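K.L.:
Please read through the structure below; I'll follow up with questions.
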Amino acid sequence: MSSNTQSSNKPSTIDLVNKNLAKRYRAEKRFRGYGIASILFGLICLVFLFTDIIGKGYTAFVQNYIQLEVQLDADTLGISDINDPNQVAMANYMGVIKRSLRERFPEVTGRRDKRKLYALVSNGSGFDLRKQMEADPEILGTTQSLWFMADDDVDTYIKSYSKDGKVFTGRTDEMQQGWIASLIEADQVESRFNTVFFQNGDSREPEQAGIRGAIMGSLFTMLVTLLLSFPIGVAAAVYLEEYAPKNKWTDLIEVNINNLAAVPSIIFGLLGVAIFIGMFGMPRSLPLVGGMVLTLMTLPTIIISSRAAIKAVPPSIREAALGIGASKMQMILHHVLPLAMPGMLTGAIIGLAQALGETAPLLMIGMVAFIVDVPGGVTDPATVLPVQIFLWSDSPERAFVERTSAAIMVLLGFLIVMNALAVWLRKRLERRW
Amino acid sequence: MEATANIENATGEKVEIMNDVVAQPNVDDIHETVGSPFCENAKMAMRDVQVYYGDKQAIFDVGLDIGKNEVVAMIGPSGCGKSTFLRCLNRMNDTIDICRVEGSLKLEGQDIYDPKLDVVPLRARVGMVFQKPNPFPKSIYDNVAYGPRIHGLTNRKAELDEIVETSLRKASLWDEVKDRLQSPGTGLSGGQQQRLCIARTIAVSPEVILMDEPCSALDPIATAKIEELIAELSENFTIAIVTHSMQQAARVSNRTAYFHLGKLIEVNDTEKVFTNPEHELTEAYITGRFG
């Protein structure tokens, strides 16, 4: 090893090592640099995505209201008996609102201008007034100062007005802009938290559209998916890992499960149409059917992750259980499953999170229908969050742009909650051995 | 030494099996076990046992008796089949798909490989302690109580408490853990964990305890404790122990069986094996010429 044993013209080993050392360190630095660069790229994309969505969507969480002095006289409303619910329901609420608008802007004449004037408030205002009347019949015959939702065009205009110098006029014309300015000056426009967005189902009118229907639809669909896919997936994984003999049939099953995990989700949608709707004649648009289709899609993920979790249980624990005379089932139920549970749950939640964001298969089974009512169960027609986003992103009204982004935020919120739950469950259930 | 092939059994554990038979003094010609493999009051009697892993034969014609309340040590170089043979005695080899056992293995006259025999009660009668301490990730109490619970030995809490206490006392662990029975068994030291595993095994009152290198993962002090324990346990139980340590075999056992390349070469009283071995291979092994 020492230098005097080597011929003098040959560099010593340590010199060669030193010479190469700098090169090695440079290579290592580059190698690390690639990793940092890819992480930075991902982060930048994420920041762009979030700024874009939040920037577009945050305005959807507020809604402008217009204050009007409304004379609730029985004649105009057409209510002769306040105790008759039919009359209260059918009364001409829009009429009194229109009259109060005319009184607020008496200079407006002509049919066309009046129609523009009426378009300042949401055409759902009549329903809001009816609700108030039903809640408090005493107000009949009085004059009330009430707030009504601004129409979506007006709302968008006011929001752009207050946001920056560039005003988005949209479909409002100069005459309407004048009225709005006058209302704002008189402090008769107020921006409030948009509770409607979280309380209503879908609507053709953006200001009345909400995501509650989609949230409930997603919730029911996920419930069905979880209740079906988790037990089936775990049972399949346990059988394949613990009981199945190793032969070409189980190999075939294994290959198929792995392949199914990579099948485009729309194929599962077609399968759902063919089997659940075509063969079994189930109705379209149901969370029940949607959940079943998503179960088919999620099963491979759950089976694969459950098998991995079962495989990861140390053999020493199995031997210990078998060695004192536990039966195979006792070994699985008492030792293998509890130890594999965190992994299986993580897999299930990740599978569900994937299913939560799934659109294509649900389009196939008709969950894309325009459904106004908030579903009350798994057999009520419903839509889901991603489909709602898809529907709104396709709508021409400007006000749906911000609502689309807001719905995306809600969906992302759900996904973050689910992933956090997965992490928490894993931490909670993990046992050391 | 000899080349070994690793075959994974059903539980994913590596099982070392013999692959090539490396030339050793006339090993192929050995067909008889020298010494005294059989005894009068045999608890377990094995005759002509052959074990195959797939096509490879791992055990050849082994015949051995394990007497009542006797400690039999099985020694031999790695891959000689001693662990494989031990695992046949309570059918732990059943978990290995490709493993096949032939011959007659009897526990008090009952053939343990009888297809009609249920392995669950068999394993309750023939308990096993493994190489690596493997307590369940449960409390100390639940570890010991698990066997009695699954076998339905008692339904009463007080009785179960008593079983746990006696088992832990017999495993000389009681004094160290009596104040923390509800803390996890995996939190104990290695030696304590192994004694917990022994307590867990004796909680179901087996007749035979198989020990597969129970001290190989322990330090000398913990080892000494376990050895002491084995001596005490031999009063009530029949014990078969596989060990790599010849000193350990010499200290704890009544009889010693020397395995070599799947064959049982010599069985004799422990003292005789270590002072005056009959077979040249045994002598070569205990004098450290290979192993």
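The values are calculated or read from the model by the stated rules, or taken from the named source; none is laboratory data. None of these values were measured; they are calculated from a predicted model. For neighbour counting, all protein chains shown are included, and Cβ atoms are generated from backbone atoms with ideal geometry for every residue, glycine included. For the accessible areas, the whole protein counts, side chains as well, though only heavy atoms, and no ligand, DNA or RNA atoms are used. Shrake-Rupley method; radii C 1.70, N 1.55, O 1.52, S 1.80 Å.
K.L.:
Along the Cα→Cβ direction, 7 angstrom out, place labels at A:LEU227 and A:ALA308. What is the inter-label distance in nm?
P.N.:
If labels sit at A:LEU227 and A:ALA308, their model points lie 2.9 nm apart.
K.L.:
If I model the protein assembly as shown as equal point scatterers sitting on the Cα atoms and use the Debye formula, what is log10 I(q)/I(0) at q = 0.07, 0.10, 0.11 Å⁻¹?
P.N.:
Calculated log10 I(q)/I(0) at the listed q: -0.74, -1.03, -1.14.
K.L.:
Here is a further query. Using only the Cα atoms of the stretch A:3-58, what are the Rg and Dmax in Å?
P.N.:
24.1, 77
K.L.:
Inside 10 Å of the C-beta atoms of B:130-141, what's the mean count of C-beta atoms belonging to other chains? Display every interim value, and only then the final one.
P.N.:
Values: counts 5, 2, 5, 2, 10, 4, 10, 9, 5, 0, 0, 0.
Rounded to a whole number, the mean comes out at 4.
K.L.:
Count the lysine pairs in the stretch A:83-163 whose Cα atoms sit under 21 Å apart, keeping only pairs 8 or more residues apart in sequence or on different chains.
P.N.:
4
K.L.:
Per residue of chain A, what 222 nm ellipticity follows from adding -39500 (n - 2.57) for every DSSP H run with n ≥ 4, rounded to the nearest 500?
P.N.:
Computed mean residue ellipticity for chain A: -20000 deg cm²/dmol.
K.L.:
Follow-up. Could you work out how far the C-alpha centroid of the stretch B:200-237 sits from that of the stretch B:51-85, in angstrom?
P.N.:
19
K.L.:
Of all accessible surface on chain B at a 1.4 Å probe, what whole percent is carbon and sulfur?
P.N.:
C and S fraction of accessible area: 45 percent.
K.L.:
Using a ≥ b ≥ c from the Cα gyration tensor of the stretch B:49-138 (square roots of the eigenvalues), is it rounded, prolate or oblate, where a/c under 1.5 gives rounded and otherwise the larger of a/b and b/c decides, a/b for prolate?
P.N.:
rounded
K.L.:
Please report the spacing between the Cα centers of the stretch A:153-206 and the stretch A:275-351 in Å, no decimals.
P.N.:
Cα centres, the stretch A:153-206 to the stretch A:275-351: 51 Å.
K.L.:
Which pairs break 21 Å Cα to Cα here: B:LYS132/B:LYS225; A:LYS427/B:LYS132; A:LYS328/B:LYS225; A:LYS328/B:LYS263; B:LYS157/B:LYS225?
P.N.:
Where the Cα-Cα span goes over 21 Å, the pairs concerned are A:LYS427/B:LYS132; A:LYS328/B:LYS225; A:LYS328/B:LYS263; B:LYS157/B:LYS225.
K.L.:
Just the number: Rg to Rh for the stretch B:166-217, Cα atoms, Kirkwood Rh, two decimals.
P.N.:
That ratio is 0.96, to two decimals.
K.L.:
For the stretch B:154-291, what is the accessible area per residue in Å² when the probe is 1.4 Å?
P.N.:
42
K.L.:
Mind giving me the nanometre distance, one decimal, between the label points for B:ILE221 and A:PHE105, set 7 Å out from Cα along Cα→Cβ?
P.N.:
Here the answer is 9.3 nm between the modelled labels.
K.L.:
Sort A:148-156, A:393-401 by the packing proxy (mean of other Cβ within 10 Å over each peptide's residues), most packed first. If you can, show how the numbers build up before the last one.
P.N.:
Details: A:148-156: 24.7, A:393-401: 15.7.
My ranking of the peptides, most packed first, is A:148-156, A:393-401.
K.L.:
For B:GLU32 and B:ASP97, what is the calculated FRET efficiency with R₀ set at 30 Å and r taken between the beta-carbons, to the nearest 0.05? Don't skip to the answer; put the middle values down first.
P.N.:
Numbers: r = 33 Å, r/R0 = 1.09.
The calculated FRET efficiency here is 0.40.
K.L.:
State the Cα centre-to-centre distance between the stretch A:399-419 and the stretch A:61-116 in whole Å.
P.N.:
35
K.L.:
What whole-number value in Å² describes the accessible area per residue of the stretch A:212-429 for a 1.4 Å probe?
P.N.:
With the other protein chains kept in place, the stretch A:212-429 gives 43 Å² per residue.
K.L.:
Quote the relative contact order of chain B in percent (integer), defining contacts as alpha-carbon pairs under 8 Å separated by 6+ residues.
P.N.:
With pairs under 8 Å counted, the relative contact order is 26 percent.
K.L.:
Ignoring ligands and nucleic acids, what accessible area does A:LYS23 show with a 1.4 Å probe (Å², nearest 10)?
P.N.:
Roughly 130 Å² of A:LYS23 is accessible to a 1.4 Å probe.
K.L.:
Would you kindly state how much longer the chain becomes between A:LEU140 and A:LYS246 on full extension, computed as 0.36 nm times their sequence separation minus their alpha carbon distance, in nm to one decimal?
P.N.:
That works out to 30.2 nm of additional length.
K.L.:
Give the cross-link partners of B:LYS43 among the lysines, using a straight C-alpha distance below 17 Å as the criterion and excluding same-chain residues fewer than 8 apart.
P.N.:
Hits, sequence-local ones excluded: B:LYS68, B:LYS106.
K.L.:
Here's a follow-up. How large is the accessible surface of B:TRP174 in square angstrom, using a 1.4 angstrom probe and rounding to the nearest 10?
P.N.:
Per-residue accessible area (B:TRP174): approximately 40 Å².
K.L.:
Then there's this: Let's test the formula: R0 of 35 Å, r as the Cβ-Cβ distance of A:ILE54 and A:MET329. What FRET efficiency results, to the nearest 0.05?
P.N.:
Approximately 0.10, to the nearest 0.05.
K.L.:
Contact order normalised by length for the stretch A:212-429, with contacts defined as Cα pairs under 8 Å and 6 or more residues apart; what percent is it?
P.N.:
32
K.L.:
In peptide A:324-335, what is the residue-averaged number of other protein chain Cβ atoms found within 10 Å of each Cβ? Don't jump to the answer; show the numbers that get you there.
P.N.:
On the way: counts 19, 18, 7, 5, 3, 0, 4, 2, 0, 0, 6, 4.
Mean shielding count: 6.
K.L.:
Could you work out the relative contact order of chain A? I mean the mean sequence separation of Cα pairs under 8 Å and 6+ apart, divided by the number of residues, in percent.
P.N.:
19
K.L.:
When a/c is below 1.5 the answer is rounded, else prolate if a/b is larger than b/c, else oblate, so apply that to chain A with a ≥ b ≥ c taken from the square roots of the Cα gyration tensor eigenvalues.
P.N.:
oblate
K.L.:
For A:GLN177 and A:GLN87 in one chain, what is 0.36 nm times their gap in residues minus the Cα-Cα distance, to one decimal in nm?
P.N.:
Roughly 28.8 nm would be gained on extension.
K.L.:
Now a separate question. Given the options A:LEU339, A:PHE276, A:ILE14, identify the residue whose Cα lies farthest towards the positive end of the charge dipole of chain A (+1 on Cβ of Lys, Arg; -1 on Cβ of Asp, Glu).
P.N.:
A:ILE14
K.L.:
Could you compute the net charge surrounding B:GLN57? Neighbours are other residues with a C-beta less than 11 Å from the C-beta of B:GLN57; K and R count +1, D and E count -1.
P.N.:
0
K.L.:
If you take the accessible area of B alone plus A alone and subtract the pair, what total do you get in square angstrom, rounded to 100, with a 1.4 Å probe?
P.N.:
Between B and A, the summed buried area is about 1900 Å².
K.L.:
Accessible area per residue, 1.4 Å probe, Å², for the stretch A:3-58: what's the number?
P.N.:
Counting only protein heavy atoms, the per-residue value for the stretch A:3-58 is 91 Å².
K.L.:
If you take the beta carbon distance between A:ILE184 and A:ARG212 as r and set R0 to 30 Å, what does 1/(1 + (r/R0)^6) give as a FRET efficiency, to the nearest 0.05?
P.N.:
Values: r = 30 Å, r/R0 = 1.00.
The calculated FRET efficiency here is 0.50.
K.L.:
Measuring from a point 7 Å past the Cα of A:ASP73 along Cα-to-C-beta, which residues in the stretch A:123-155 have an amide N at less than 12 Å?
P.N.:
Correct set: A:141-143.
K.L.:
On to the next question. Which whole number gives the average, over all residues in A:309-316, of C-beta atoms from other chains lying within 10 Å of the residue C-beta?
P.N.:
Across A:309-316, the average partner-chain Cβ count within 10 Å equals 4.
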